[in-house]
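Okay, so here's the structure we're looking at.
What follows draws every value from the coordinates through simple rules; no lab data is involved. Quick caveat, the model's predicted, so the values are computed rather than measured. Cβ placement follows ideal geometry from the backbone for every residue including glycine, while neighbour counts extend to all protein chains displayed.
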Amino acid sequence: MSKLTDLTIAEARDGLRGKSFSSRELAQAHVEAIEAAAEREPEHADEGQAQRERAITVGAVVARRPDLD
């Protein structure tokens, strides 16, 4: 499998639906990428938690809505 941060939106959606990974795992991969970037660019340091919360919400919606394509 590709790194979770390299997935397209469609690949991420399909992976969530297929339970290849959880929304928390997907969010954590992106948060870690944001945190790594924040070390290089401090103006992005506070974005990780907000992204984690958004990803968890999106994961829950996708799990309940199989009609979302």
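On the basis of the beta-carbon distance and an R0 of 35 Å, ALA36 and ALA63 show a calculated FRET efficiency of 0.80.
Straightening the chain between ALA10 and GLU25 buys 3.8 nm, computed as 0.36 nm per residue apart minus the Cα-Cα spacing.
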